[in-house]
1. Dipole of the chain, Cα-centred, from +1 at each Lys and Arg C-beta and -1 at each Asp and Glu C-beta, to the nearest 20 debye?
2. Roughly how many Å² of residue 56 are accessible to a 1.4 Å probe, to the nearest 10?
3. Once all Cα-Cα distances of the chain are split into 5 Å bins that start at 0, what whole-number percent is in each one?
4. Taking a probe of 1.4 Å, how large is the accessible area per residue of the chain, in Å²?
5. Within 15 Å, Cβ to Cβ, of residue 5, how many net charges do the neighbouring residues add up to if Lys/Arg are +1 and Asp/Glu are -1?
6. Hey, if we sort 44, 62 by accessible area with the 1.4 Å probe, largest down, what's the order?
7. What part of the accessible area of the chain, given as a whole %, is carbon or sulfur when the probe is 1.4 angstrom?
8. Could you sort 11, 61 by their accessible area in this structure, using a 1.4 Å probe and putting the largest first?
Amino acid sequence: VLPIDPVRQWTGEPVAEPTTLRVYPGADGALALYDDDGESMRYLRGQGAWWRAVWDDRARTLTFAPGAP
């Protein structure tokens, strides 16, 4: 599971495209993502949104759910 994000020149640059999750089948996989304010170190104190994506290759399903820091 590979996240592909729009190219930006700095963290605060607005983007019009969404982040894409690309799945390469052949094995189970997992990915943890977090989103923060892009400016501070607050993520170190658990402030932000964490997400978990899990690919089950046998079932060919991608589960995307809130995660934990």
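1. Here the size comes out at about 220 debye.
2. Only protein atoms counted, so the area is about 60 Å².
3. In whole percents, the pair-distance histogram is 4, 15, 21, 20, 19, 12, 7, 2, 0.
4. 79 Å²
5. -2
6. 44, 62
7. Ligands and nucleic acids excluded, carbon and sulfur give 53 percent.
8. 11, 61
The values are calculated or read from the model by the stated rules, or taken from the named source; none is laboratory data. All figures in this text were calculated on a predicted structure; none of them were measured in a lab. With ideal geometry, Cβ positions are generated from the backbone for all residues, glycine too; neighbour counts draw on all protein chains shown. Side chains are part of the model used for accessible areas, which takes the heavy atoms of the whole protein and leaves out ligands, DNA and RNA. Shrake-Rupley method; radii C 1.70, N 1.55, O 1.52, S 1.80 Å.
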